[in-house]
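Please treat every number below as a calculation from the coordinates, not as lab data. Given the structure is predicted, the values throughout are model-derived calculations rather than measurements. As a convention, Cβ positions derive from the backbone with ideal geometry for all residues, glycine included, and neighbour counts pool all protein chains shown.
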Amino acid sequence: MGDRAAGEFDRQAISAEMERARQDFHHLLDHATPADLRRPSDGTKWTNEQLLFHMLFGYLIVQALLVLVRIFSRLPDRASTTFARLLDAARKPFHLINYAGSRIGARIIPRARMGKVLDRVIAALRRRLDREDDTGLRTGMHYPTSWDPYFADYMSRYDLYRYPTQHFDHHRRQLTLPSPD
């Protein structure tokens, strides 16, 4: 991504991606039965409900990552490189925490509240994105590439706004919920 010219940031496309995911999430929640939510997902150890929480968490975590990128983008590049390497070294505990966190998270924020939480988070991210200038969207930092397939070695804030919907779409394919009409 890195070297975009001024005006090349498509904020509307990112906003539309988030809105599509938000509507899809609500559709899934509205049509899933309690038995559907308890069913195992495909390719994860989570139930569908736990995976739905994990998909929501992808948007929640971006709020924290945006704060980190603001801090690290003001420091020498080696600071975020070192930070990313340390996080990569801690990937095994991270994956355990990530797994357990989504199991627990689905109990803390059950289906009945997930949609409202996602609505608030996406609205906040979209407002924040609208306020970003091109210079800010170019700033970035290094990330732990072993944590998530959608983390690149270096991601700008623009990339970071795209991340949660990429994460959502990836896990959307792993849900074993019936296809609603």
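Given R₀ = 25 Å, what would the calculated FRET efficiency be for ARG127 paired with TYR99, taking r from the Cβ atoms and rounding to 0.05?
Numbers: r = 32 Å, r/R0 = 1.26.
In this case the efficiency is close to 0.20.
For ARG11, put the label point 7 Å out on the Cα→Cβ axis and report which residues of segment 140-165 keep their amide N under 15 Å from it.
157-159, 161-162
Kirkwood hydrodynamic radius, computed over distinct alpha-carbon pairs, for the chain: how many Å, to one decimal?
Every distinct Cα pair counted, the radius reaches 17.2 Å.
Report the Cα centroid-to-centroid distance between segment 91-164 and segment 62-81 in angstrom, as an integer.
14
Please give the charge dipole size of the chain, origin at the Cα centre, charges +1 on K and R Cβ atoms and -1 on D and E Cβ atoms. Round to the nearest 20 debye.
The calculation lands at about 720 debye.
DSSP loop chymotrypsin sites (Phe, Trp or Tyr not before Pro) in segment 36-135 with at most 16 other Cβ atoms within 10 Å of their Cβ, which ones?
none
If the chain between GLN166 and THR44 were fully stretched, how many nm would it gain, using 0.36 nm times the residue separation less the Cα-Cα distance?
Extra length available between GLN166 and THR44 comes to 42.2 nm.
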